[in-house]
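Peer 1: Dropping the structure in here first, questions after.
A short reminder: the numbers here are calculations on the coordinates, not readings from a lab. Every value quoted in this text rests on a predicted model; they were computed, and no experiment measured them. Virtual Cβ from ideal backbone geometry, glycine too; neighbours counted across all protein chains shown.
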Amino acid sequence: MEWKRAKDWLIGAVGMVLVLGVALVVLWWAASDPASADKAERMPSPTQGALPPDGLREDEVWLADLDLDAGTVVTAGSLLHDVRAVGQDIVSGPEGLVAGRLAVDATVPFEVLADELGGGSVVRAADGGQATVVRTVEALGRELRVTATGTVDVEDGRLVVEPRSIDIGGPDFLSDATAAVVRRFVTIEHDIEGLPEGLVLQNVAVRDDGFRASLRGEDVELTP
């Protein structure tokens, strides 16, 4: 009898654990979003059920949506990684291909900005969503190894890293006096090239592998 009661208690306990486990899974599923939800929210939603514009000619083709993903995009003056482009209300005809709305997210590698700066520059991510530039500059008749950390902003459609702290080593008074001289050598002002004209840089975030840029535009010509 004792053994039977113990067996019944064990079966009941196991059943309760299973019920709790299922309940937790259901709650987790209901309270959370899929891993790709953040990415989907940043890009336009599919225009299912959209209607073509009035006056579409016989020699034109209309697409409600166009979605493109590319690991790397290289042009004569640009290198971009992890590119995602979503176009909406696209018309193709004798005059070319035009997107009524176009959104592009792409990563500008740190190496691209470092090459622009020259001086053996290194660009990397820093704490607090900032970026660090390390390079050699010539100032006051000497070569100095400068480390500058600054915030990342969008100014006049450009990716800009404005130094907030500049360290050249040595005494503090020397660093303070020289900082104003070398500031322009460690300030980044970058135009994202290689993408269709009409796209405007809206936001930039620092990632481990580069600057994640979000560009948006209307009536964007996708072909020359």
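Peer 1: If each residue of separation counts as 0.36 nm, what is the full-extension length gain between ASP209 and THR223 once their alpha-carbon separation is subtracted?
Peer 2: Gain in length upon complete extension: 2.1 nm.
Peer 1: Note the full-extension length gain between ARG142 and ASP59 as 0.36 nm times their separation in residues minus their Cα-Cα distance, in nm to one decimal.
Peer 2: Once the chain is fully extended between ARG142 and ASP59, it gains 23.3 nm.
Peer 1: A further question on this structure: Along the stretch 187-202, what does the Karplus equation 6.51 cos²θ - 1.76 cosθ + 1.60 (θ = phi - 60°) give for ³J(HN,Hα), rounded to whole Hz, x for Gly and Pro?
Peer 2: 9, 9, 9, 10, 8, 7, 10, x, 10, x, 5, x, 7, 10, 5, 9
Peer 1: Give me the number: length gained by fully extending GLU193 to GLU111, i.e. 0.36 nm times residue separation minus the C-alpha to C-alpha distance, one decimal in nm.
Peer 2: Between GLU193 and GLU111, full extension yields an extra 28.0 nm.
Peer 1: If you don't mind, there's one more thing I want to ask. First measure r as the distance between the Cβ atoms of SER165 and ALA70, then evaluate 1/(1 + (r/R0)^6) with R0 = 35 Å and state the FRET efficiency to the nearest 0.05.
Peer 2: Computed FRET efficiency for SER165 and ALA70: 0.45.
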